[in-house]
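Enquirer: Below you will find the structure I want to go over with you.
The values are calculated or read from the model by the stated rules, or taken from the named source; none is laboratory data. Since this is a predicted model, take the numbers as computed values, not measurements. Here the Cβ positions follow ideal geometry from the backbone for every residue, glycine too, while neighbour counts run over all protein chains shown.
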């Protein structure tokens, strides 16, 4: 097909977004009313049905999951949730006066909501440390930690604190207690919106113009959040998913609307009418937004390949949010432009004329100069940027995955104080015991129906004896049979903390060496479970499936970009550079959160954070690739001058990409104010990745790489050209 034939065909396809813009402008109040109706309607439904958020960190087939299932099947109390009341006395906890005060407090706690039973610190001699100063009582809950309201946990803490006096410290530990370290709201969303508004006002010079992209994003994100509240009754969605949705949606939504609005402003400055400017902006930038959003959605759908419950729900929820922001950008924004267009038609051309009258350089001049500098010495630009980013990728090679625990809570929280007291009194491994589950039924079946209960008891005693002589085990509790006697549990306390690398190696040693040999002798089956082992299993599952996930996301993105740009080299270049920016982000995240730079409490990286970061950051990085290269492609089609196309593409989009990147950075940085360590890691990683991508890669490396590739950048082999469908992002001619 000749170029002239393509030009005849392009307007037919381009007309879809132009017609959408035209309809939204002509029926602006109808379009706005429909969005208001959708927002009110879905929130009305959400208010009626409420939410049903729930965590799902189960790992089908993992040894820790098999242990939980076996205990549930045989009626073990070990499967329930508990809190610990941790006590520290300047003297001895067994002192009669201290004991009387503490026992009275246990009575108060027993009457608190959600408390089924309190096991006194004095009921078990091993619950008091050898020096008598530190001890703990176990509070059995009437339900799970997830079912407890924060107010109920606060009442338990208040009851426990009644025993506190000078010389006697009382703290509350356990998963339910960790919620007390969290604030109800970090204000992250509001902080991100305010920061975005400041950037947009600086860019457009008027509050109304700055507010339109934000209003568009708020309508889209608000609608998506309400839909997800209802969907939480059908899909498994964690409680933290709405926060990810809100901040990702705000960043993406503002960016998409910004891209269209910037093109609209440019058309007004050229002298177009508001109606024509909006139609042209949607006809060109609208399609760019559509394909950019598709790359993000494809990347998110890659998370489904991991097969992990909460991540799949999160992927669908964030993909819905991105879709709603795309819809808002191409339907709601044109309606708002129809309302405020006459005002903008006076303001923007007047500002441009005033700028020219003052002798100021036209917009884009600075970015044009940057492009010229990168093109003049492309190898130098690539070398400097590549070495810097490559160095940041190195720490990512040693990421240590694991769930945070109370040891990562703030130092002044009761959960952290309880954690530290238990570690001081009983050793660091006390906070992460290993639960060895002895399955007597397996051996009984193999022996032709022998007494499973007797086998479980004998095998449990043998396991306790073997564990006591295993290096890395500090203490072992006596075996505890289940209600039916067919299964037993043996609690082993490591010498090292739950997040210590040696503890991870101990879990592997028990599973691969110690317990299999013991099973050959006793005839029973052994499983290593508990929270620490489950965290290892989850991390291993993520690491195992990560390569497939990366191949799916990168592969689909390359194919999509091949379709969009009719090129082989540009998609490959984009994939490599995106991987480089994400690697640098993971490396920086490891330095800050894993190694404790800048005063951050060191600890592992949450297992789901790298994959979520990869999916979202990769998709957003592809957004900027589409924004920038589509404009270069437009100039290439118009002039057939490759060097000029690269410079002009950067000149026309540099300020928009920088503003969009700045908005993304401030919105994602708002995660850092969250009390959740996982959200802090996510926010830092995504903000860093976007900063690197928008500032270093898109504005330095891409122009240099495009210059080196020359016209070959737009080459597509004939066989692929025949197979791939033809689409156009920009309108030419």
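Enquirer: For segment 106-116, state whether one or more residues are part of a loop (DSSP other than H, G, I, E, B), touching a residue at least 24 places away in the same chain (Cβ under 8 Å), surrounded by fewer than 15 Cβ atoms within 10 Å (Cβ to Cβ) and touching a strand residue (DSSP E or B) at 6+ places or on another chain (Cβ under 9 Å).
Expert: Looking through segment 106-116, none of the residues is part of a loop (DSSP other than H, G, I, E, B), touching a residue at least 24 places away in the same chain (Cβ under 8 Å), surrounded by fewer than 15 Cβ atoms within 10 Å (Cβ to Cβ) and touching a strand residue (DSSP E or B) at 6+ places or on another chain (Cβ under 9 Å).
Enquirer: Among the residues in segment 542-558, are any closer than 17 Å to residue 306 by Cβ and outside any helix (DSSP H, G or I)?
Expert: Within segment 542-558, not a single residue is closer than 17 Å to residue 306 by Cβ and outside any helix (DSSP H, G or I).
Condition check ((1) at pLDDT 90 or above; (2) surrounded by fewer than 16 Cβ atoms within 10 Å (Cβ to Cβ); (3) touching a helix residue (DSSP H, G or I) at 6+ places or on another chain (Cβ under 6 Å)) across all residues:
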site	(1), (2), (3)
447	no, yes, no
452	no, no, yes
460	yes, no, no
473	yes, no, yes
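Enquirer: Is it true that some residue in segment 47-70 is under 27 Å from the mean Cα position of the chain (by Cα), more than 30 Å from residue 539 (Cβ to Cβ), in contact (Cβ under 8 Å) with a residue 40 or more places away in the chain and outside the structural domain of residue 608 (by TED's automatic domain parsing)?
Expert: yes
Enquirer: Sticking with this structure for a sec: Please count how many residues of segment 52-72 are surrounded by 15 or more Cβ atoms within 10 Å (Cβ to Cβ) and modelled with pLDDT of 80 or more.
Expert: So the count comes out to 13.
Enquirer: State all residues of segment 564-579 that are part of a helix (DSSP H, G or I) and surrounded by 16 or more Cβ atoms within 10 Å (Cβ to Cβ); if no residue qualifies, say none. If you could, list the steps in order and put the result at the bottom.
Expert: Of the residues in segment 564-579, the ones part of a helix (DSSP H, G or I) are 564-565, 569-579.
Once the filter is applied, which keeps residues that are part of a helix (DSSP H, G or I) and surrounded by 16 or more Cβ atoms within 10 Å (Cβ to Cβ), segment 564-579 yields 564, 565, 569, 570, 571, 573, 574, 575, 577, 578, 579.
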